[in-house]
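Novice: Handing you a structure now.
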Amino acid sequence: MSSIADGTGRVEARPASERRSLPMTAKVALLALAAAIPLLFAGDYQLRFLAEILIIGTAVLSLDLLVGFGGLVSLGHAVFFGGAAYAAAIAAQTLGADVVVMLAVGIATGMASALLMGVVVMRTIALFFLILSLIVGQIVWEVVFHWREVTGGADGLRGFPVLTLHTGFATIPLNNGVALYLAALVLALAAYLAARSFVTAPIGRALLGTRERQLRMSALGYSIPRIRLMALLASGAIAGAAGALYPFVNQYVGPNAVHWTMSAMMIIMLVIGGVGSLYGAFIGSAIYLGIQTYVSSYTDRWQLVVGLVFVLTVMIMPKGVVAGLKAAFGRRKDAEGRS
Amino acid sequence: MSANAAPALAIEGVAKSFGGLKVLSDVSVTLGQGECLGLIGPNGAGKTTLFNIVTGFLIPDQGRVALAGEDITRAKPDVRVRAGLVRTFQKSMAFPELSVRENLALAARSRSGEGYGWFGSRKAVVAADEAADELLTRAQLRERAELPVAGLSYGEQRIVDVLVSLAMRPRVLLLDEPTAGLSRAEGEHLIEVVRTLGEDLSTILIAHDLDIVFGVCDRVAVLDLGRLIACDTPDAIKAHEGAQAAYLGASLGEAA
Amino acid sequence: MGFYAVQSLNALSFSMLLLLTGLGLSVVLNLMNFVNLTHGSFFLLGAYVGVYWLASGAPWWLAFPVAFVAAGLAGFLLERFPFRQFYARTHLMQVLLTYGLSVIFADLMRWGFGAQILSAEIPEALRGVVFIMDMPFPIYRLFIIGFGAALAFALWFVIDRTIWGAVVRACVTDRGFVETLGLDTRRIFTAVLVISAGLGGISGALGAGILSAYPGLDEEVLILALIVVVAGGLGTFRGTVLSALLLGFAMTFSKVWVPEFSNVVALAVMAALLVALPEGLVARKVRQV
């Protein structure tokens, strides 16, 4: 069974002794350093771009909970993300754009859409789940597209109040690249830790069980709809948090944010980065958006490039580029060691 | 009738057809508290279908199923498990890539209701692991706890299957061919594990090995072509003509 | 009365396009257990071929066989590589591979045929309208209904009633067994995929007369065909026919009654169907335990 789902969900499966990598503190320090580098060298535009990568990567991370651990390939995931983006954008116009309020609105919207989706798709699996989630997503898209007074229709919504962070001392505006990048970084990190705790907690193990053997899980006394609903809610909350910040990066949210092609794009990112790895969501998002932004300035054929990268990943590195490259280099090192 | 006086499990007039095929017709059996009931019959007699109806994977066309006096005919499988009705399957259903301990812990957490925990579930995880280790110790499989189930011998895998069901602390346990493919000694050891680890347990055992059934069960029910043709003590069944006929010459008396 | 008769015929012609496209998908899914999301690309390729052929002045009726051959050839090449390597993989892997390929083809076709909408020039013989209960109805749509029905019937006959169909179905159940009979299962699978792709091409050429050809049509059609096949119950012939009719009529009549929310209503109908019958209209019975 050389499926894409192999080896996923085993985030902590390998005993520490086998790991050749650095101790935890060194890892954290390295990560912090890596995160700080853009602050020194990148301009405002690049920092906004990095913020976008992190925000969309967070949405892809939430999709990984469903795909990588529940075997639930959703083509309606954009609803959680885009729905929250619209909700935040609309709420900002009346409530102002306090970042905490925005996140609360986004998370609530993400979870509400997940609940709606969950009630509908609960009993379906595999291709039936794929199609039903697609249909639900497209119904939402139709509503967004046609409800011009609220959503701006095809034009979407533009121009929001400045995103702000209220601290005890002062109100900090989050309207420049540096601030947006830092906000996205905090969001991504929090989401990663939440997702990681989810997959290692009993609920995560149970979700993995439903992916492998549904019948067995019911025989063990687990309610499969309940597990799925919890996974959808967790996923919706994370996607919603990401969606809440999304409009403020480019000061725009349009109906494409809830379209099924957005969901398909997230799946492509997830597969490129590595299904079931959690961190792969950010790698995939960076690769995809990198191609989209930088290749498109040389040629109109950037979708061709994305398609080729995606197909090659599926064919040669079904566990994602990081795992794939690791394996390839590992083999070369082994070969060198032997010669 | 008070709940205490009710049988552990009562199957009343159950019938089931698939399309035109009648798989079970008017089957009634009761399982007393602490009793071990054998369920035998040739292939296709409807034994597994009856298990599927009792455990909620199928809904009967007619009849009812009651657990300790409470009607559960239409309850979902997971609800029945949490009420103490647990089964094993003919094929091993353990998660092969998970460790033995994790398999047992998954079962223990479902019974304690902590299987859905997310934040702050550390305690539940530790408790379930401890429960798993205790069962493994008592079954003398403690040193296998870390191994993935796929790495065990076939006989050990079947025992792990039974331990998984015991980790759910059942009141009624349905064993579907737990000894199939095992040697005589392995089969007897497995039954021994069930009897020593499952206190106050009422059991229904499906097995092709009649020696085991007649040796350990208090009563034996015989199914043939979806009908219950006899239900009595092992000695009475051995002498029962209809039961003998169902086994086409395989003399039940000789088997024991 | 006449109005509804004409709308029903409209729905029927649209259903027929959905059916033909869906059948192409469902043949491969049903007979080879392969999910092929490049099917929308075959449709769009056929549509472009149809548009160019009909504009070229060559005999118009040849447009359909030519579209069949063009898409069939594409299918033939894809079957060699990389589809063949994915027959034994999970549906998820097949979905990912073929969706990725469809992204590539979409961009290639945008490159080759341009981004504008190309409408097909309907041949002289099929132009104009007939009057049905005093209401005009385009002859071309009648042609789609007739041609589509004949094609669908032929396909059903071959798969369900002839020895070839039986052999292909046997391949899915037990490839090794068919091979011991001395039949080359690889060739059989190639043939099925070529026929499926060709069907996609013909559907595209037929559909070009109503839908035109433009980038993005491949995805729109793919989604509708997928909904038809899945809601029909994954690859039963009867289920696909029923769900194509349901979706065709739901889309047409929702446009008549609630034009503003037509897609929402049509999608909601299909969603309701899948909620009520999570395994589609005609579910295959499989023993679980």
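The values are calculated or read from the model by the stated rules, or taken from the named source; none is laboratory data. Bear in mind that the values here come from a model prediction, so they are computed numbers and not experimental data. Neighbour counts run over all protein chains shown; Cβ positions are idealised from the backbone, glycine included. For the accessible areas, the whole protein counts, side chains as well, though only heavy atoms, and no ligand, DNA or RNA atoms are used. Shrake-Rupley method; radii C 1.70, N 1.55, O 1.52, S 1.80 Å.
Novice: Condition first: more than 8 Å from every other protein chain (Cβ to nearest Cβ), in contact with a Phe, Trp or Tyr (Cβ under 8 Å, 6 or more places away or on another chain) and among the aliphatic types (A, V, I, L, M). Now tell me which residues in the stretch A:290-308 satisfy that.
Specialist: Those that are more than 8 Å from every other protein chain (Cβ to nearest Cβ), in contact with a Phe, Trp or Tyr (Cβ under 8 Å, 6 or more places away or on another chain) and among the aliphatic types (A, V, I, L, M): A:Ile291, A:Val295.
Novice: Still on this structure: If you scan the stretch B:63-72, which residues turn out to be in contact (Cβ under 8 Å) with a residue 40 or more places away in the chain, assigned to a loop (DSSP other than H, G, I, E, B) and either open to solvent by less than 40 Å² (accessible area, probe 1.4 Å) or on the phi < 0 side of the Ramachandran plot (or both)? Can you show your working first?
Specialist: Going residue by residue through the stretch B:63-72, those that are in contact (Cβ under 8 Å) with a residue 40 or more places away in the chain are B:63-70.
Checking which are assigned to a loop (DSSP other than H, G, I, E, B) leaves us with B:68-69.
Residue satisfying the conditions is B:Ala68 alone.
Novice: With the requirement that a residue be over 12 Å from A:Leu180 (Cβ atoms), open to solvent by less than 20 Å² (accessible area, probe 1.4 Å) and in contact with a Phe, Trp or Tyr (Cβ under 9 Å, 6 or more places away or on another chain), what does the stretch A:244-259 give you? Lay out the reasoning, then the answer.
Specialist: Keep residues of the stretch A:244-259 that are over 12 Å from A:Leu180 (Cβ atoms), which gives A:244, A:252-259.
If we keep only those that are open to solvent by less than 20 Å² (accessible area, probe 1.4 Å) too, we end up with A:244, A:253-255, A:257-258.
Hits for the stretch A:244-259 are A:Val253, A:Pro255, A:Ala257, A:Val258.
Novice: Quick check: anything in the stretch C:66-74 farther than 30 Å from C:Ala170 by Cα, hydrophobic (A, V, I, L, M, F, W, C) and touching a helix residue (DSSP H, G or I) at 6+ places or on another chain (Cβ under 6 Å)? Write out each step before concluding.
Specialist: Step one: filter the stretch C:66-74 for residues farther than 30 Å from C:Ala170 by Cα, giving C:66.
Okay, now just the ones that are also hydrophobic (A, V, I, L, M, F, W, C), so C:66.
Narrowing the set further to residues that are touching a helix residue (DSSP H, G or I) at 6+ places or on another chain (Cβ under 6 Å) leaves C:66.
Scanning the stretch C:66-74, I find at least one residue that is farther than 30 Å from C:Ala170 by Cα, hydrophobic (A, V, I, L, M, F, W, C) and touching a helix residue (DSSP H, G or I) at 6+ places or on another chain (Cβ under 6 Å), so the answer is yes.
Novice: Looking at (1) of a type outside the set (Ser, Thr, Tyr); (2) open to solvent by 50 Å² or more (accessible area, probe 1.4 Å); (3) in contact with a helix residue (DSSP H, G or I) (Cβ under 9 Å, 6 or more places away or on another chain); (4) within 11 Å of chain A (Cβ to nearest Cβ), which is the only condition C:Trp164 fails?
Specialist: Here C:Trp164 clears every test but (4).
Novice: Further question: List pairs: first in the stretch C:178-191 and free of Cβ contacts under 8 Å to residues at least 24 places away in the same chain, second assigned to a helix (DSSP H, G or I) and open to solvent by 30 Å² or more (accessible area, probe 1.4 Å), Cβ under 6 Å, 6+ apart or cross-chain?
Specialist: Listed pairs, sorted by first residue: C:Val178/C:Ala170; C:Thr185/C:Arg175; C:Thr185/C:Glu179.
Novice: A follow-up question, please. Could you tell me whether any residue of the stretch C:125-136 is part of a helix (DSSP H, G or I), more than 12 Å from every other protein chain (Cβ to nearest Cβ), open to solvent by 30 Å² or more (accessible area, probe 1.4 Å) and among the aliphatic types (A, V, I, L, M)? Break it down into steps so the answer makes sense when it comes.
Specialist: Here is the first cut: in the stretch C:125-136, the residues part of a helix (DSSP H, G or I) are C:125-126.
Okay, now just the ones that are also more than 12 Å from every other protein chain (Cβ to nearest Cβ), so C:125-126.
Those left that are additionally open to solvent by 30 Å² or more (accessible area, probe 1.4 Å): C:125.
Next, only the ones that are among the aliphatic types (A, V, I, L, M) stay: C:125.
For the stretch C:125-136, residues part of a helix (DSSP H, G or I), more than 12 Å from every other protein chain (Cβ to nearest Cβ), open to solvent by 30 Å² or more (accessible area, probe 1.4 Å) and among the aliphatic types (A, V, I, L, M): present.
Novice: When you go through A:Val150, A:Val186 one by one, which is the residue that is away from chain B (no Cβ under 14 Å) and either within 20 Å of the chain's Cα centre (by Cα) or under 30 Å from B:Leu173 (Cα atoms) (or both)?
Specialist: Working: A:Val150 fails: either within 20 Å of the chain's Cα centre (by Cα) or under 30 Å from B:Leu173 (Cα atoms) (or both).
Step by step, each of A:Val150, A:Val186 is checked, and only A:Val186 is away from chain B (no Cβ under 14 Å) and either within 20 Å of the chain's Cα centre (by Cα) or under 30 Å from B:Leu173 (Cα atoms) (or both).
Novice: Tell me, which helices (runs of 4 or more DSSP H) lie completely within the stretch A:183-281 with 2 or more residues that are closer than 30 Å to B:Phe89 by Cβ? Can you show your working first?
Specialist: Values: elements: A:202-212, A:214-219, A:224-250, A:260-273.
Correct list: A:202-212, A:214-219, A:224-250.
Novice: Can you tell which of B:Ala127, B:Ala132 is without any contact (Cβ under 8 Å) to a residue 40 or more places away in the chain, more than 10 Å from every other protein chain (Cβ to nearest Cβ) and either among the hydroxyl-bearing types (Ser, Thr, Tyr) or open to solvent by less than 10 Å² (accessible area, probe 1.4 Å) (or both)? Spell out how you get there, then give the answer.
Specialist: Values: B:Ala127 fails: either among the hydroxyl-bearing types (Ser, Thr, Tyr) or open to solvent by less than 10 Å² (accessible area, probe 1.4 Å) (or both).
B:Ala132 is the lone residue from the list that is without any contact (Cβ under 8 Å) to a residue 40 or more places away in the chain, more than 10 Å from every other protein chain (Cβ to nearest Cβ) and either among the hydroxyl-bearing types (Ser, Thr, Tyr) or open to solvent by less than 10 Å² (accessible area, probe 1.4 Å) (or both).
Novice: Still on this structure, I have one more. Please work out which one of (1) more than 19 Å from B:Glu12 (Cβ to Cβ); (2) part of a loop (DSSP other than H, G, I, E, B) is the condition B:Ala75 fails and give its number.
Specialist: Looking at each condition in turn, B:Ala75 falls short on (1).
Novice: If you don't mind, there's one more thing I want to ask. Only residues that are modelled with pLDDT under 90, within 7 Å of chain A (Cβ to nearest Cβ) and under 20 Å from the mean Cα position of the chain (by Cα): list them for the stretch C:79-104, please.
Specialist: Once the filter is applied, which keeps residues that are modelled with pLDDT under 90, within 7 Å of chain A (Cβ to nearest Cβ) and under 20 Å from the mean Cα position of the chain (by Cα), the stretch C:79-104 yields only C:His91.
Novice: Of the residues C:Ala63, C:Ala71, which single one is more than 17 Å from C:Ser212 (Cβ to Cβ) and crowded, with 20+ Cβ neighbours inside 10 Å?
Specialist: Numbers: C:Ala63 fails: more than 17 Å from C:Ser212 (Cβ to Cβ).
Unique residue meeting the criteria: C:Ala71.
Novice: Determine, yes or no, whether A:Tyr181 is open to solvent by 50 Å² or more (accessible area, probe 1.4 Å) and more than 14 Å from chain B (Cβ to nearest Cβ). Write out each step before concluding.
Specialist: Numbers: open to solvent by 50 Å² or more (accessible area, probe 1.4 Å): no; more than 14 Å from chain B (Cβ to nearest Cβ): yes.
Against the criterion (open to solvent by 50 Å² or more (accessible area, probe 1.4 Å) and more than 14 Å from chain B (Cβ to nearest Cβ)), A:Tyr181 does not qualify.
Novice: Right, something else. Just to be sure before I move on: is A:Met217 more than 30 Å from C:Leu101 (Cα to Cα), surrounded by 24 or more Cβ atoms within 10 Å (Cβ to Cβ) and within 14 Å of chain B (Cβ to nearest Cβ) in the structure I sent? Quick ask: steps written out before the conclusion?
Specialist: On the way: more than 30 Å from C:Leu101 (Cα to Cα): yes; surrounded by 24 or more Cβ atoms within 10 Å (Cβ to Cβ): yes; within 14 Å of chain B (Cβ to nearest Cβ): yes.
For A:Met217, the condition - more than 30 Å from C:Leu101 (Cα to Cα), surrounded by 24 or more Cβ atoms within 10 Å (Cβ to Cβ) and within 14 Å of chain B (Cβ to nearest Cβ) - is met.
Novice: If you don't mind, there's one more thing I want to ask. Step by step: first the residues of the stretch C:214-238, then only those that are in a loop (DSSP other than H, G, I, E, B) and more than 9 Å from chain A (Cβ to nearest Cβ), then the one that is farthest from C:Ser203 (Cα to Cα). Which residue is that? Walk me through how you get there before you give the answer.
Specialist: Taking the stretch C:214-238 as the starting set, the residues that turn out to be in a loop (DSSP other than H, G, I, E, B) are C:214-216, C:232-236.
Next cut, more than 9 Å from chain A (Cβ to nearest Cβ) only: C:214-216, C:232-233, C:235-236.
Details: C:Tyr214: 15, C:Pro215: 16, C:Gly216: 16, C:Gly232: 19, C:Gly233: 21, C:Gly235: 18, C:Thr236: 20 Å.
Across the stretch C:214-238, the extreme among qualifying residues is C:Gly233.
Novice: To continue, here is another question. Within the stretch B:135-145, restricting attention to residues that are in contact with an Asp or Glu (Cβ under 9 Å, 6 or more places away or on another chain) and not in a loop (DSSP other than H, G, I, E, B), which residue is farthest from the other protein chains (Cβ to nearest Cβ)? Before you say what the answer is, go through the steps one by one.
Specialist: Of the residues in the stretch B:135-145, the ones in contact with an Asp or Glu (Cβ under 9 Å, 6 or more places away or on another chain) are B:136, B:141-142, B:144-145.
Narrowing the set further to residues that are not in a loop (DSSP other than H, G, I, E, B) leaves B:136, B:142, B:144.
On the way: B:Leu136: 17, B:Arg142: 19, B:Arg144: 17 Å.
Among residues in the stretch B:135-145 that are in contact with an Asp or Glu (Cβ under 9 Å, 6 or more places away or on another chain) and not in a loop (DSSP other than H, G, I, E, B), the one farthest from the other protein chains (Cβ to nearest Cβ) is B:Arg142.
Novice: To continue, here is another question. Can you say whether C:Ile202 is of a type outside the set (Gly, Ala, Ser) and open to solvent by 70 Å² or more (accessible area, probe 1.4 Å), as far as the supplied structure shows? Before the answer, list the steps.
Specialist: Values: of a type outside the set (Gly, Ala, Ser): yes; open to solvent by 70 Å² or more (accessible area, probe 1.4 Å): no.
No: the conditions fail for C:Ile202.
Novice: Here's a follow-up. Can you name the residue in the stretch B:94-124 that is of a type in the set (Lys, Arg) and open to solvent by 20 Å² or more (accessible area, probe 1.4 Å) and is also nearest to the other protein chains (Cβ to nearest Cβ) among such residues?
Specialist: Within the stretch B:94-124, the first condition is being of a type in the set (Lys, Arg), and the residues that meet it are B:101, B:109, B:111, B:122-123.
Still in the list and also open to solvent by 20 Å² or more (accessible area, probe 1.4 Å): B:101, B:111, B:122-123.
On the way: B:Arg101: 12, B:Arg111: 6, B:Arg122: 9, B:Lys123: 11 Å.
Among those that are of a type in the set (Lys, Arg) and open to solvent by 20 Å² or more (accessible area, probe 1.4 Å), it is B:Arg111.
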